[in-house]
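A quick write-up on the structure given underneath.
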Amino acid sequence: MRAATPPALPADAFVQHCIELLSPLGRVRAKRMFGSHGLYLDEHFIAIVVQEQLYLKVNAATQPQFEAAGGEPFVYSRRGQPTQLGFWTVPAEALEAPPLMAPWARLALQAALAKGRPKPRARRG
């Protein structure tokens, strides 16, 4: 079951929508990467947005909740082989409002925190 995205949002508008959904939990920023976006919550890498689809970070402890809710993993082709990263979709209704996204975002933050401290942000100058 693929999670739905708001139909009329262009890519950058969808990224902004995702930032707004996650922002009640802390400071959120987007970073362009590999033709998509990475989303950081208080400098913890918690999500990716690929082709107007939000995927949140999971680990062994949190992935079962995403699976049980019908989420799908982010999979890409690497050297002709499907490769799965530790990011999963959320239920479609979570994309409707920050309170519905909050439990999923907390799970993503939990997975990010379990991985370790965030890398310091490079200074531009």
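Looking at region 24-125, the strands (runs of 3 or more DSSP E) lying wholly inside it that each contain 3 or more residues that are touching a Lys or Arg at 6+ places or on another chain (Cβ under 9 Å) sit at 36-41, 44-50, 81-89.
Confirm whether P99 is out of contact with any helix residue (DSSP H, G or I) (no Cβ under 6 Å at 6 or more places or on another chain), at negative phi, surrounded by 13 or more Cβ atoms within 10 Å (Cβ to Cβ) and not β-branched (V, I, T). Before you say what the answer is, go through the steps one by one.
Details: out of contact with any helix residue (DSSP H, G or I) (no Cβ under 6 Å at 6 or more places or on another chain): yes; at negative phi: yes; surrounded by 13 or more Cβ atoms within 10 Å (Cβ to Cβ): no; not β-branched (V, I, T): yes.
For P99, the condition - out of contact with any helix residue (DSSP H, G or I) (no Cβ under 6 Å at 6 or more places or on another chain), at negative phi, surrounded by 13 or more Cβ atoms within 10 Å (Cβ to Cβ) and not β-branched (V, I, T) - is not met.
Read-outs: derived from the displayed coordinates by stated rules, not from any lab. Please read these numbers as outputs of a predicted model, since none were measured by experiment. Positions of Cβ are generated from backbone atoms using ideal geometry, with glycine treated the same way; all protein chains shown enter the neighbour counts.
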